[in-house]
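A short worksheet on the structure shown next.
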Amino acid sequence: MGEFFHAVKVFGDQLADVGWFAVAIALTLQLAKLFVRSIAWRNILKASYPETAVPRRPVLGAYLAGVGVNSIIPGRAGDVVKIYLVHRRIEGTTYTTLASTLVTETLLDLVLALSIFLWALTQGVLPSLHVLPTLHSFDWGWLVARTKVGAIVFALVTTAVIVFIWWASRHVENFKQRVGRGFWILRDWRRYGREVASWQLLSWVFRIASLYFFLKAFHVHASIHNALLAQVVDSLSTLLPFSPGGVGTKQGLLVYVLNGQASASRLLAFSVGQYVAVTVFNVIVGAIAVYAMLRTLRLREILGRAKAARESEQAN
(Lines give C-alpha, C1' and ligand atoms only; values in the text may rest on other atoms or scores of the structure.)
Protein backbone atom coordinates (compact mmCIF):
# COMPACT_ATOMS: atom_id res chain seq x y z
CA MET A 1 0.00 0.00 0.00
CA GLY A 2 2.98 2.32 0.53
CA GLU A 3 3.65 2.33 -3.20
CA PHE A 4 0.04 3.29 -3.80
CA PHE A 5 0.25 6.35 -1.54
CA HIS A 6 3.52 7.34 -3.20
CA ALA A 7 1.75 7.04 -6.53
CA VAL A 8 -1.07 9.25 -5.21
CA LYS A 9 1.50 11.95 -4.38
CA VAL A 10 2.97 11.66 -7.88
CA PHE A 11 -0.54 11.89 -9.32
CA GLY A 12 -1.19 15.07 -7.33
CA ASP A 13 2.01 16.62 -8.64
CA GLN A 14 0.92 16.00 -12.26
CA LEU A 15 -2.75 16.86 -11.85
CA ALA A 16 -2.42 20.03 -13.88
CA ASP A 17 -1.27 18.08 -16.95
CA VAL A 18 -4.26 15.73 -17.05
CA GLY A 19 -6.37 15.80 -20.20
CA TRP A 20 -9.81 16.16 -18.65
CA PHE A 21 -11.71 15.90 -21.92
CA ALA A 22 -10.14 12.46 -22.49
CA VAL A 23 -11.06 11.51 -18.90
CA ALA A 24 -14.67 12.50 -19.59
CA ILE A 25 -14.72 10.29 -22.71
CA ALA A 26 -13.19 7.40 -20.73
CA LEU A 27 -15.84 7.68 -18.00
CA THR A 28 -18.62 7.88 -20.58
CA LEU A 29 -17.32 4.64 -22.06
CA GLN A 30 -17.20 3.16 -18.55
CA LEU A 31 -20.89 3.97 -18.08
CA ALA A 32 -21.69 2.47 -21.48
CA LYS A 33 -19.83 -0.69 -20.47
CA LEU A 34 -21.89 -1.05 -17.28
CA PHE A 35 -25.12 -0.40 -19.15
CA VAL A 36 -24.56 -3.10 -21.78
CA ARG A 37 -23.38 -5.59 -19.15
CA SER A 38 -26.64 -5.09 -17.27
CA ILE A 39 -28.48 -5.92 -20.50
CA ALA A 40 -26.54 -9.19 -20.79
CA TRP A 41 -27.34 -10.08 -17.16
CA ARG A 42 -31.02 -9.26 -17.64
CA ASN A 43 -31.16 -11.59 -20.64
CA ILE A 44 -29.64 -14.38 -18.52
CA LEU A 45 -32.28 -13.70 -15.86
CA LYS A 46 -35.04 -13.78 -18.48
CA ALA A 47 -33.87 -17.20 -19.65
CA SER A 48 -33.68 -18.44 -16.05
CA TYR A 49 -37.19 -17.20 -15.26
CA PRO A 50 -39.14 -17.43 -18.55
CA GLU A 51 -42.45 -17.29 -16.69
CA THR A 52 -41.53 -14.06 -14.87
CA ALA A 53 -41.36 -10.48 -16.11
CA VAL A 54 -37.81 -9.13 -15.66
CA PRO A 55 -37.98 -5.31 -15.83
CA ARG A 56 -34.97 -3.36 -17.05
CA ARG A 57 -34.64 -0.68 -14.35
CA PRO A 58 -34.29 -2.95 -11.28
CA VAL A 59 -31.65 -5.05 -13.02
CA LEU A 60 -29.72 -1.98 -14.17
CA GLY A 61 -29.98 -0.44 -10.70
CA ALA A 62 -28.85 -3.64 -9.00
CA TYR A 63 -25.91 -4.01 -11.38
CA LEU A 64 -24.74 -0.42 -10.88
CA ALA A 65 -25.17 -0.74 -7.11
CA GLY A 66 -23.11 -3.93 -7.03
CA VAL A 67 -20.30 -2.40 -9.08
CA GLY A 68 -20.21 0.60 -6.74
CA VAL A 69 -19.96 -1.59 -3.62
CA ASN A 70 -17.28 -3.81 -5.21
CA SER A 71 -15.23 -0.66 -5.85
CA ILE A 72 -14.82 0.08 -2.13
CA ILE A 73 -15.34 -3.26 -0.33
CA PRO A 74 -13.16 -6.32 -1.09
CA GLY A 75 -14.46 -9.88 -1.28
CA ARG A 76 -17.11 -9.28 -3.97
CA ALA A 77 -19.59 -7.84 -1.46
CA GLY A 78 -21.16 -5.99 -4.37
CA ASP A 79 -22.34 -9.28 -5.84
CA VAL A 80 -24.34 -9.89 -2.66
CA VAL A 81 -25.94 -6.48 -3.12
CA LYS A 82 -26.78 -7.23 -6.77
CA ILE A 83 -28.48 -10.47 -5.83
CA TYR A 84 -30.35 -8.94 -2.90
CA LEU A 85 -31.74 -6.04 -4.93
CA VAL A 86 -32.92 -8.26 -7.80
CA HIS A 87 -34.41 -10.79 -5.37
CA ARG A 88 -36.22 -7.95 -3.65
CA ARG A 89 -37.70 -6.51 -6.84
CA ILE A 90 -38.42 -9.63 -8.94
CA GLU A 91 -40.89 -12.01 -7.35
CA GLY A 92 -40.16 -15.73 -7.47
CA THR A 93 -36.37 -15.49 -7.75
CA THR A 94 -34.06 -17.40 -5.40
CA TYR A 95 -30.62 -16.50 -4.14
CA THR A 96 -29.18 -19.79 -5.37
CA THR A 97 -30.32 -19.21 -8.94
CA LEU A 98 -29.36 -15.54 -8.95
CA ALA A 99 -25.86 -16.43 -7.76
CA SER A 100 -25.48 -18.94 -10.60
CA THR A 101 -26.60 -16.32 -13.15
CA LEU A 102 -23.63 -14.21 -12.07
CA VAL A 103 -21.38 -17.20 -12.83
CA THR A 104 -22.97 -17.49 -16.27
CA GLU A 105 -22.37 -13.78 -16.79
CA THR A 106 -18.62 -14.18 -16.18
CA LEU A 107 -17.99 -17.21 -18.42
CA LEU A 108 -17.12 -15.19 -21.52
CA ASP A 109 -15.10 -12.77 -19.41
CA LEU A 110 -12.91 -15.64 -18.23
CA VAL A 111 -12.31 -16.78 -21.81
CA LEU A 112 -11.49 -13.27 -23.04
CA ALA A 113 -9.32 -12.41 -20.02
CA LEU A 114 -7.39 -15.66 -20.44
CA SER A 115 -6.95 -15.01 -24.16
CA ILE A 116 -5.57 -11.52 -23.54
CA PHE A 117 -3.34 -12.87 -20.77
CA LEU A 118 -1.91 -15.54 -23.10
CA TRP A 119 -1.34 -12.85 -25.73
CA ALA A 120 0.52 -10.77 -23.13
CA LEU A 121 2.72 -13.77 -22.35
CA THR A 122 3.74 -13.93 -26.01
CA GLN A 123 4.80 -10.28 -25.79
CA GLY A 124 7.26 -11.04 -22.99
CA VAL A 125 6.13 -8.07 -20.89
CA LEU A 126 4.74 -9.81 -17.80
CA PRO A 127 6.94 -10.32 -14.73
CA SER A 128 7.99 -13.89 -13.95
CA LEU A 129 7.14 -15.64 -10.68
CA HIS A 130 10.67 -14.82 -9.48
CA VAL A 131 10.12 -11.12 -10.15
CA LEU A 132 6.61 -10.79 -8.65
CA PRO A 133 7.64 -10.91 -4.97
CA THR A 134 10.20 -8.15 -5.57
CA LEU A 135 7.46 -5.71 -6.61
CA HIS A 136 6.91 -3.81 -3.37
CA SER A 137 3.32 -3.00 -4.20
CA PHE A 138 2.38 -6.60 -5.03
CA ASP A 139 -0.32 -7.33 -2.43
CA TRP A 140 0.06 -11.11 -2.46
CA GLY A 141 3.69 -11.48 -3.43
CA TRP A 142 4.30 -13.24 -0.08
CA LEU A 143 1.96 -15.99 -1.29
CA VAL A 144 3.90 -16.46 -4.52
CA ALA A 145 7.23 -16.40 -2.71
CA ARG A 146 6.13 -19.14 -0.29
CA THR A 147 4.99 -22.00 -2.48
CA LYS A 148 4.14 -24.28 0.47
CA VAL A 149 1.95 -21.61 2.05
CA GLY A 150 0.36 -20.94 -1.33
CA ALA A 151 -0.41 -24.62 -1.77
CA ILE A 152 -1.98 -24.78 1.70
CA VAL A 153 -4.10 -21.67 1.04
CA PHE A 154 -5.25 -23.10 -2.29
CA ALA A 155 -6.11 -26.43 -0.64
CA LEU A 156 -8.06 -24.71 2.14
CA VAL A 157 -10.04 -22.57 -0.32
CA THR A 158 -10.81 -25.61 -2.48
CA THR A 159 -11.90 -27.59 0.56
CA ALA A 160 -14.11 -24.74 1.74
CA VAL A 161 -15.82 -24.58 -1.65
CA ILE A 162 -16.42 -28.35 -1.66
CA VAL A 163 -17.79 -28.28 1.89
CA PHE A 164 -20.09 -25.38 1.03
CA ILE A 165 -21.48 -27.18 -2.02
CA TRP A 166 -22.00 -30.35 0.06
CA TRP A 167 -23.74 -28.38 2.82
CA ALA A 168 -25.92 -26.46 0.38
CA SER A 169 -26.94 -29.63 -1.45
CA ARG A 170 -28.20 -31.09 1.85
CA HIS A 171 -29.82 -27.98 3.31
CA VAL A 172 -31.27 -26.17 0.33
CA GLU A 173 -34.27 -27.86 -1.23
CA ASN A 174 -33.92 -28.47 -4.95
CA PHE A 175 -30.38 -27.06 -4.80
CA LYS A 176 -29.24 -28.58 -8.10
CA GLN A 177 -32.36 -27.43 -9.89
CA ARG A 178 -31.98 -23.91 -8.59
CA VAL A 179 -28.32 -23.74 -9.55
CA GLY A 180 -28.97 -25.25 -12.95
CA ARG A 181 -31.69 -22.71 -13.67
CA GLY A 182 -29.07 -19.97 -13.69
CA PHE A 183 -27.35 -21.69 -16.64
CA TRP A 184 -30.48 -22.30 -18.70
CA ILE A 185 -29.52 -19.80 -21.39
CA LEU A 186 -26.50 -22.00 -22.22
CA ARG A 187 -28.92 -24.65 -23.51
CA ASP A 188 -29.47 -22.47 -26.57
CA TRP A 189 -26.08 -21.34 -27.86
CA ARG A 190 -27.58 -19.16 -30.56
CA ARG A 191 -29.65 -17.30 -27.99
CA TYR A 192 -26.63 -17.04 -25.71
CA GLY A 193 -24.55 -15.59 -28.53
CA ARG A 194 -27.28 -13.16 -29.55
CA GLU A 195 -28.50 -12.00 -26.13
CA VAL A 196 -25.44 -12.36 -23.88
CA ALA A 197 -22.12 -12.81 -25.70
CA SER A 198 -22.79 -10.01 -28.19
CA TRP A 199 -23.45 -7.50 -25.39
CA GLN A 200 -20.47 -8.69 -23.38
CA LEU A 201 -18.17 -8.39 -26.39
CA LEU A 202 -19.43 -4.84 -26.82
CA SER A 203 -18.70 -4.19 -23.14
CA TRP A 204 -15.10 -5.30 -23.72
CA VAL A 205 -14.82 -2.91 -26.64
CA PHE A 206 -15.97 -0.11 -24.31
CA ARG A 207 -13.57 -1.32 -21.61
CA ILE A 208 -10.50 -1.27 -23.86
CA ALA A 209 -11.56 2.04 -25.43
CA SER A 210 -11.93 3.55 -21.94
CA LEU A 211 -8.39 2.48 -21.03
CA TYR A 212 -7.16 3.94 -24.34
CA PHE A 213 -8.54 7.37 -23.43
CA PHE A 214 -7.19 7.13 -19.88
CA LEU A 215 -3.75 6.51 -21.35
CA LYS A 216 -4.26 9.53 -23.56
CA ALA A 217 -5.43 11.65 -20.62
CA PHE A 218 -2.25 10.95 -18.64
CA HIS A 219 0.09 11.31 -21.63
CA VAL A 220 1.13 7.67 -21.77
CA HIS A 221 1.52 6.36 -25.33
CA ALA A 222 -2.08 5.54 -26.27
CA SER A 223 -2.51 2.45 -28.42
CA ILE A 224 -4.70 -0.63 -28.49
CA HIS A 225 -1.59 -2.64 -27.55
CA ASN A 226 -1.01 -0.64 -24.37
CA ALA A 227 -4.72 -0.57 -23.52
CA LEU A 228 -4.77 -4.38 -23.72
CA LEU A 229 -1.71 -4.57 -21.46
CA ALA A 230 -3.43 -2.25 -18.97
CA GLN A 231 -6.43 -4.57 -19.06
CA VAL A 232 -4.21 -7.57 -18.30
CA VAL A 233 -2.85 -5.75 -15.26
CA ASP A 234 -6.37 -4.87 -14.14
CA SER A 235 -7.42 -8.52 -14.39
CA LEU A 236 -4.36 -9.78 -12.52
CA SER A 237 -4.63 -7.19 -9.75
CA THR A 238 -8.22 -8.19 -8.97
CA LEU A 239 -7.58 -11.94 -9.18
CA LEU A 240 -7.39 -12.20 -5.40
CA PRO A 241 -9.62 -9.43 -3.99
CA PHE A 242 -7.67 -8.77 -0.78
CA SER A 243 -7.98 -5.02 -1.36
CA PRO A 244 -10.67 -3.02 -3.20
CA GLY A 245 -9.94 -3.08 -6.91
CA GLY A 246 -6.50 -4.62 -6.33
CA VAL A 247 -5.16 -1.26 -5.15
CA GLY A 248 -1.40 -1.43 -4.62
CA THR A 249 -0.84 -4.42 -6.88
CA LYS A 250 -2.02 -2.50 -9.92
CA GLN A 251 0.52 0.28 -9.50
CA GLY A 252 3.54 -2.01 -9.35
CA LEU A 253 2.42 -4.16 -12.26
CA LEU A 254 1.51 -1.24 -14.51
CA VAL A 255 4.90 0.43 -14.06
CA TYR A 256 6.58 -2.90 -14.88
CA VAL A 257 4.40 -3.84 -17.85
CA LEU A 258 4.31 -0.39 -19.48
CA ASN A 259 7.98 0.33 -18.86
CA GLY A 260 9.34 2.50 -21.66
CA GLN A 261 5.95 3.84 -22.77
CA ALA A 262 6.32 6.93 -20.55
CA SER A 263 8.31 8.09 -17.54
CA ALA A 264 7.78 6.22 -14.27
CA SER A 265 6.04 9.28 -12.80
CA ARG A 266 3.55 9.44 -15.67
CA LEU A 267 2.88 5.71 -15.40
CA LEU A 268 2.21 6.10 -11.69
CA ALA A 269 -0.04 9.09 -12.37
CA PHE A 270 -1.95 7.03 -14.95
CA SER A 271 -2.36 4.03 -12.64
CA VAL A 272 -3.65 6.14 -9.75
CA GLY A 273 -5.65 8.57 -11.86
CA GLN A 274 -7.46 5.82 -13.75
CA TYR A 275 -8.15 3.91 -10.53
CA VAL A 276 -9.41 6.95 -8.62
CA ALA A 277 -11.54 8.25 -11.49
CA VAL A 278 -13.24 4.89 -12.14
CA THR A 279 -13.67 4.17 -8.43
CA VAL A 280 -15.24 7.54 -7.66
CA PHE A 281 -17.42 7.29 -10.75
CA ASN A 282 -18.58 3.75 -9.88
CA VAL A 283 -19.27 4.72 -6.27
CA ILE A 284 -21.31 7.77 -7.26
CA VAL A 285 -23.34 5.86 -9.83
CA GLY A 286 -23.75 2.94 -7.43
CA ALA A 287 -24.81 5.21 -4.57
CA ILE A 288 -27.46 6.83 -6.74
CA ALA A 289 -28.76 3.38 -7.70
CA VAL A 290 -28.77 2.11 -4.10
CA TYR A 291 -30.56 5.18 -2.78
CA ALA A 292 -33.12 5.09 -5.58
CA MET A 293 -33.94 1.45 -4.76
CA LEU A 294 -33.59 1.34 -0.95
CA ARG A 295 -33.69 4.97 0.23
CA THR A 296 -30.58 4.37 2.31
CA LEU A 297 -26.82 4.41 1.81
CA ARG A 298 -25.86 2.44 4.95
CA LEU A 299 -23.83 -0.44 3.54
CA ARG A 300 -23.75 -2.36 6.81
CA GLU A 301 -27.53 -2.24 6.99
CA ILE A 302 -27.88 -3.26 3.33
CA LEU A 303 -25.50 -6.22 3.68
CA GLY A 304 -27.26 -7.20 6.89
CA ARG A 305 -30.62 -7.21 5.10
CA ALA A 306 -29.17 -9.32 2.29
CA LYS A 307 -27.71 -11.85 4.73
CA ALA A 308 -30.97 -12.08 6.69
CA ALA A 309 -33.03 -12.54 3.53
CA ARG A 310 -30.72 -15.29 2.27
CA GLU A 311 -30.79 -17.14 5.60
CA SER A 312 -34.59 -16.88 5.61
CA GLU A 313 -34.75 -18.45 2.13
CA GLN A 314 -32.42 -21.28 3.13
CA ALA A 315 -34.47 -21.95 6.26
CA ASN A 316 -37.58 -22.34 4.13
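The values are calculated or read from the model by the stated rules, or taken from the named source; none is laboratory data. Here the structure is a predicted model, which means the values were calculated and not measured. Because the Cβ atoms are built from the backbone with ideal geometry, glycine has one as well, and the counts that use them run over all protein chains shown.
Reported count of residues in the stretch 46-60, each being crowded, with 23+ Cβ neighbours inside 10 Å and within 16 Å of residue 85 (Cα to Cα), is 1.
Kindly provide the set of residues from the stretch 41-55 that are closer than 25 Å to residue 303 by Cβ and part of a helix (DSSP H, G or I), ordered by number. Within the stretch 41-55, 41, 42, 44, 45, 48 meet the criteria. Between 31, 60, the distinction of being more than 21 Å from residue 183 (Cα to Cα), in a helix (DSSP H, G or I) and at pLDDT 95 or above belongs to 31 only.
Once the stretch 294-309 is narrowed to residues that are touching a helix residue (DSSP H, G or I) at 6+ places or on another chain (Cβ under 7 Å), surrounded by fewer than 19 Cβ atoms within 10 Å (Cβ to Cβ) and in a helix (DSSP H, G or I), the residue that is modelled with the lowest pLDDT is 309.
Assess whether residue 212 counts as being closer than 30 Å to residue 18 by Cβ and out of contact with any strand residue (DSSP E or B) (no Cβ under 7 Å at 6 or more places or on another chain). For residue 212, the condition - closer than 30 Å to residue 18 by Cβ and out of contact with any strand residue (DSSP E or B) (no Cβ under 7 Å at 6 or more places or on another chain) - is met. Do we have any residue at all in the stretch 72-88 that's touching a Ser or Thr at 6+ places or on another chain (Cβ under 7 Å) and either among the charged types (D, E, K, R) or under 13 Å from residue 306 (Cα atoms) (or both)? Yes, the conditions are met somewhere in the stretch 72-88.
Taken over the stretch 66-75, the criterion of being more than 19 Å from residue 97 (Cβ to Cβ) and buried (at least 19 other Cβ atoms within 10 Å of the Cβ) is satisfied by 67, 68, 69, 70, 71. Of 236, 201, 240, all but one fail to be within 16 Å of the chain's Cα centre (by Cα) and at pLDDT 95 or above; the exception is 201. Considering only residues in the stretch 267-280 that are surrounded by 20 or more Cβ atoms within 10 Å (Cβ to Cβ) and not aliphatic (A, V, I, L, M), the one that is farthest from residue 218 (Cα to Cα) turns out to be 275. From the list 194, 190, 207, 178, the lone residue that is among the charged types (D, E, K, R), under 22 Å from residue 125 (Cα atoms) and at pLDDT 65 or above is 207.
Scanning the stretch 73-90 for residues that are basic (Lys, Arg) and not in a loop (DSSP other than H, G, I, E, B) gives 82, 88, 89.
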